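Peer 1: So that we are looking at the same thing, I have put the structure below in structure tokens.
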Amino acid sequence: MTSYPKINARRLLQRIADFATIGATPAGGVNRQALSIGDRTARRRLAELAVARGFNVHQDAIANLFIRREGRDPSSPPVLIGSHLDSQPTGGRFDGALGTLSAFEVLEALEDTGVDTERSVEVVSWTNEEGSRFSPGCMGSMAFIGAGDIAGWQDTRGTDGARLGDELAATLKALPEARMRPVGHAVSAFVEVHIEQGPVLERAGIPIGLVTGVQGTRWLVVSFSGEAAHAGTTPLEFRKDPMAAAVAAIAQLQLVVMPADPMARLTVGRMSVEPSSVNVIPSRVTFTIDIRHPQEDVLSSIEAQIDAECRASATHHMVEVHIEKHFDLAPGKFDVAIVDVIDNACERLGVSNMKLVSGAFHDALFVSKVAPTAMIFVPCRDGISHNEAEFVTSEHIEIGAKVLLETALSLARGPILNAP
Ligand SMILES: [Zn+2]
């Protein structure tokens with residue numbers, strides 16, 4: 001009789017520390033941007049570990065990396081677990097790597113005990129989740145679900161001037177042992193472990209977040225145009241001051257949008273002023289608004305509110321306003337059945353958890369369009385992420401991996417949730 005598979009926490013913690021040396025920054029983070037030499041090195045290391053354990057290694061044309069432990073029925077769609085290995089230029093060691101290496105630990109734990117699963121279990125490392133070097137982010141998962149344009153992306157230039165097509169080819173070549181497979185295949189479920197990247201779990205003192213969905217995001221660019229004039233000689237009634245209009249509109253939106261709905265987010269993160277001179281009333285003030293909410297209809301009503309407030313302010317200050325939408329990502333809902341499987345896994349392990357909605361988008365949001373998907377969040381210190389100071393406790397890393405193992409076992413044994 002085989003014993004029940006167990007997470008080897010020491011091995012997992014050591015591995016996270018090892019991978020953090022690839023692209024390590026002096027401040028303790030990592031710079032392992034997509035398709036860079038660091039990214040390639042991390043992929044190489046994972047593939048070598050996989051081959052050493054007898055797992056099959058595959059990659060596709062956008063360099064998504066898959067490591068497969070065969071189930072009793074190889075024709076059945078696999079259970080997919082994993083995250084990404086690329087990072088922001090001054091990223092933390094846990095964003096992405098935690099989910100990918102926890103998933104690999106699950107595969108090793110299954111192998112350690114020789115347990116048979118009905119379905120195969122595959123670890124995935126999605127290509128270019130971060131989008132910091134090559135835009136857009138989540139390229140790998142987008143391509144996987146058929147929403148990407150791999151041919152069109154080839155001539156994309158990175159922030160360092162590198163051509164994506166060249167870097168992609170070099171990345172694929174770095175893993176000669178990986179068998180090529182077509183982009184996108186049927187999977188029975190996808191589960192991604194990730195750090196929360198926010199403060200909710202830590203503040204609540206709860207080690208596991210059951211992520212029920214990802215909030216939608218819209219980016220608006222608002223431009224108020226008035227009339228440049230002398231700061232000293234122009235009395236109030238002659239001013240067409242776009243700054244006065246912008247400030248009033250922003251202040252009003254800050255007063256009404258978030259206080260009225262705790263799920264709503266509104267951020268003005270970038271502003272430009274023309275001509276930007278100390279003694280000139282500006283001719284134009286342009287700023288961005290990032291709005292987020294888990295419900296599409298609420299996002300639309302916030303957008304309508306922004307439109308109304310900006311127009312009212314423009315009229316009041318005798319200036320023109322122009323609003324453009326630059327980005328619109330619909331909210332995503334994760335699969336209730338998969339969330340339940342994770343919930344049950346937590347219950348069997350005696351791990352407390354809470355349901356939450358992700359404030360950031362992830363590869364799982366894209367995969368959820370084609371397969372039953374959910375995410376498991378673990379707390380990160382002070383909610384800090386995309387930062388070299390990002391930190392997760394060993395205890396939370398271990399709990400996250402245990403919940404993932406228990407979840408993957410249920411999914412790999414249970415009924416097929418998504419027939420191919
Ligand atoms: Zn991430």
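The values are calculated or read from the model by the stated rules, or taken from the named source; none is laboratory data. Because the structure is predicted, anything quoted here is derived from the model rather than measured. Heads up, the Cβs are rebuilt from the backbone with ideal geometry, glycines too, and the neighbour counts pull from every protein chain shown. Just so you know, the surface numbers come from the protein's heavy atoms only, side chains and all, with ligands and any DNA or RNA stripped out. Shrake-Rupley method; radii C 1.70, N 1.55, O 1.52, S 1.80 Å.
Peer 1: Quick one: how many Å² of MET258 are accessible to a 1.4 Å probe, rounded to 10?
Peer 2: Counting only protein heavy atoms, the figure is 70 Å².
Peer 1: Could I ask something else about it? Can you compute the FRET efficiency between ASP382 and ARG11 using 1/(1 + (r/R0)^6), with r the Cβ-Cβ distance and R0 = 25 Å? Round to the nearest 0.05.
Peer 2: For ASP382 and ARG11, the calculated efficiency is 0.35.
Peer 1: Can you work out the PRE-style zone for SER277? Point 7 Å along Cα to Cβ, and I want the residues of the range 221-263 with backbone N under 11 Å.
Peer 2: The answer is 228-231, whose backbone nitrogens lie closer than 11 Å to the label point.
Peer 1: Helix 164-173 sits at what angle to the longest principal axis of the chain, using alpha carbons and giving 0 to 90 degrees rounded to 10?
Peer 2: Around 10 degrees separate the two axes.
Peer 1: Here is a follow-up. Subtract the Cα-Cα distance of ASP18 and HIS322 from 0.36 nm times their separation in residues, and report this length gain in nm to one decimal.
Peer 2: Working it through step by step, the gained length comes to 104.4 nm.
Peer 1: Further, regarding this structure: Set the Förster radius R0 to 60 Å, insert the Cβ-Cβ distance between ASP307 and SER3 as r into 1/(1 + (r/R0)^6), and round the FRET efficiency to 0.05.
Peer 2: 0.45
Peer 1: Could you tell me how many degrees, from 0 to 90 and to the nearest 10, lie between the Cα long axis of helix 336-349 and the main elongation axis, the longest principal axis, of the Cα atoms of the chain?
Peer 2: 60
Peer 1: Rounded to the nearest 500, what is the chain's calculated 222 nm mean residue ellipticity when only DSSP H runs of at least 4 contribute -39500 (n - 2.57) each, over all residues?
Peer 2: -11000 deg cm²/dmol
Peer 1: Between the helical axis of 242-260 and the dominant principal axis of the chain, each derived from Cα atoms, what acute angle in degrees is found, rounded to the nearest 10?
Peer 2: Around 50 degrees separate the two axes.
Peer 1: How big is the dipole moment of the range 216-329 about its Cα centre under a simple scheme where the beta carbon of each Lys and Arg is +1, that of each Asp and Glu is -1, and everything else is neutral? Debye, nearest 20, please.
Peer 2: 260
Peer 1: Please work out the average accessible area per residue across the chain, using the 1.4 Å probe convention, and give it in Å².
Peer 2: That works out to 42 Å² per residue.
Peer 1: Still on this structure: If you roll a 1.4 angstrom probe over the protein chains with everything in place, what fraction of the accessible area of the chain belongs to carbon and sulfur, to the nearest %?
Peer 2: Of all accessible area on the chain, carbon and sulfur atoms account for 54 percent.
Peer 1: Of SER276, THR217, ALA251, whose Cα points farthest to the positive end of the dipole of the range 216-329 (charges on the beta-carbon: +1 Lys, Arg; -1 Asp, Glu; origin at the Cα centre)?
Peer 2: SER276
Peer 1: Would you mind checking LYS173/LYS333; LYS325/LYS369; LYS240/LYS325; LYS173/LYS402 for any pair whose Cα atoms are more than 31 angstrom apart?
Peer 2: Too far apart for the 31 Å limit: LYS173/LYS333; LYS173/LYS402.
Peer 1: Right, something else. Assuming 0.36 nm per residue, please report the length gained on full extension of the stretch ALA204 to ARG157 beyond their Cα-Cα distance.
Peer 2: Extra length from ALA204 to ARG157 when fully extended: 12.7 nm.
Peer 1: I would also like to ask the following. From the residues LEU356, PRO5, THR407, which one has its Cα farthest along the dipole of the chain in the positive direction, the dipole being from +1 and -1 charges on Cβ of Lys/Arg and Asp/Glu about the Cα centre?
Peer 2: Projecting each Cα onto the dipole axis, the largest value belongs to PRO5.
Peer 1: Additional query: Can you give the charge dipole size of the chain about its Cα centre, rounded to the nearest 20 debye, using +1 on the beta carbon of Lys and Arg and -1 on the beta carbon of Asp and Glu?
Peer 2: Here the chain has a charge dipole of around 640 debye.
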